[in-house]
Structure formats: structure tokens, C-alpha cells
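This report concerns only the one structure given below.
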Amino acid sequence: MGRSRRTLPEELLLLALDPATGTTAQPQSLDLGLAGAQLVELALAGRIAPDGDRIAVVAPRPTGDPTLDCALELLRRRGAPVRAVHWIGGPRLGLRQTYLSHLERCGMVHAVAGQMCGVLPTTRYQATDTAISREIRSRLDSAIRTGVPPDPRTAALAALAHAVGLGKHLYPGNEGRSSRSRLRDLIRHDPMGGLVAHAVMDVQNGVAAQPRRSPAAPAGRPAPEPARGVPMQPRHGSMARAVAH
């Protein structure tokens, strides 16, 4: 898989970046969404496939993306299909920071050092090429506005954005209510994206004990209440960066 195309985790993270504050919206659920976005990207690359509510490795060869290949290898080591909700709900320490650092190396964001309470060092991130973020947002807006079924990648991105609670970040206030509803409805246009998005929401709601009958839930399924933002954490050591909500 070439690196000329942005991956879904990268696009989801760019969507979540607030250009005014340099922080990420919905940081807690976003970590789950990034893990889910990896699954969808691996499926689009033909490396994994849904097996009911489970994920099966069908082609273990590397994609060329180190972070995706790490996830693929972990899935391969399981030896058997794994439930999406269990995979997404597993420990994903540092995944958001891994992708922020990657975007910085690629020149898509730049780090801005700061301080919290005038003492504790922090890092915020600003997009260096706003045209990229606008293009990603335009794809979602077009799918919402026209009602035309989007391509699988855009449908999956919409499903993940809804699942992690980005609807109120992208389409705020009462005027954005109908757009948030249509964003939710786009979840039905990609089976893999729908499976993963519902798994993300199930993890947030603590629903992981029973297997899902079908990967596609009704379009009217309500979204979980978005988690409230958390304060920016201080940086511990020279290698760690604090990322605010």
C-alpha cells in the first residue's frame, strides 16, 4: 500500500484537530476510533475481513505502513478471528500520540510548545496544510448534503466520526442537528465501517459481553453521549508530549 494516500486513522485525527486550539476533540473516544480506523484501513487493503462480528486475517503480508503492520501482526498472532469489540477495547496506549508524531514527520501538522498554569510543558498541534483538512471535511459535507451514497472510505470515515462523537465538533449547535443526524445515517453505507463503528460505541457503553447478531445495526441507533473533555496532562520526560482535548 503506497504512502501517497492518507490512511483513515490519519484522516480521523485531522478531522478531530481543532484549528483554534490545536487540541483534539473527544480525546478518550478518539483513541478507540483510531484503533477502529486501523481495522477499516486494513480491510480496505485486503489484509483482514469481517467474520460475523469478528475480524479475520486473510492476507498477512505487510502493507508498508509500520503502524498498520504492527496492528496486523498482533491480529495474526491471535491465531483465530477476534471480536472487533474486544480488539478495539484492548490497551492502545500512545496510539493518538503515535499518529500525531507521524503527521508531524510527514509535515501535515507542526507542534507548538506551551505551558499549562505557566509551569507545566505542553504540546499542541496545528495543521500545516489546511487544504488537506478542508478536502477531508468536504467529502463528509458532500455526502451529507447530496445524499448520494459515498465511497467506502468516506462512508467509513463518517461512521467513525459519528462513533467517537465528532458530530457536535463538526456540526455544532441546533443548526447542525440535521447534519449530525445524516452523519449518523451514513454508517449504513459501509459494512466494515459499520461493524467497527458499532464496536467503538459498544466499548464506550460497556456492551461487550454478547456478540452482535448483525454487523449493521439500524440507522436510527442513538449515539453515545460524547465524553467531556479532560484537562491537558503535563509532559513527563523529554520523549512524552501532553495532548489536550
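The values are calculated or read from the model by the stated rules, or taken from the named source; none is laboratory data. Predicted, not measured: the structure shown is a model, and the values here were computed from it. Using ideal geometry, Cβ is built from the backbone for each residue, glycine included, and neighbour counts are taken over all protein chains shown. With ligands, DNA and RNA removed, areas are computed over all heavy atoms of the protein, side chains included. Shrake-Rupley method; radii C 1.70, N 1.55, O 1.52, S 1.80 Å.
Residue check: is residue 195 in contact (Cβ under 8 Å) with a residue 40 or more places away in the chain and closer than 26 Å to residue 20 by Cβ? So residue 195 fails the test.
The single residue among 161, 155 that is among the aliphatic types (A, V, I, L, M), surrounded by 19 or more Cβ atoms within 10 Å (Cβ to Cβ) and either over 19 Å from residue 18 (Cα atoms) or more than 14 Å from the chain's Cα centre (by Cα) (or both) turns out to be 155. With the structure loaded, tell me whether residue 79 is farther than 27 Å from residue 165 by Cβ and either modelled with pLDDT under 95 or acidic (Asp, Glu) (or both) or whether it fails that test. Against the criterion (farther than 27 Å from residue 165 by Cβ and either modelled with pLDDT under 95 or acidic (Asp, Glu) (or both)), residue 79 qualifies.
Suppose we keep only residues that are polar (S, T, N, Q) and within 9 Å of the chain's Cα centre (by Cα) within segment 1-53. Which one would you say is surrounded by the fewest Cβ atoms within 10 Å (Cβ to Cβ)?
29
Of all residues in segment 111-149, those satisfying the criterion of being touching a residue at least 12 places away in the same chain (Cβ under 8 Å) and within 13 Å of residue 21 (Cα to Cα) are 111, 112, 122, 123, 124, 125, 126, 127. Inside segment 164-176, residues that are free of Cβ contacts under 8 Å to residues at least 12 places away in the same chain and either among the polar types (S, T, N, Q) or surrounded by 13 or more Cβ atoms within 10 Å (Cβ to Cβ) (or both) make up a count of 2.
Applying the set (1) open to solvent by less than 50 Å² (accessible area, probe 1.4 Å); (2) part of a helix (DSSP H, G or I); (3) polar (S, T, N, Q) to residue 63 leaves exactly one unmet item: (2).
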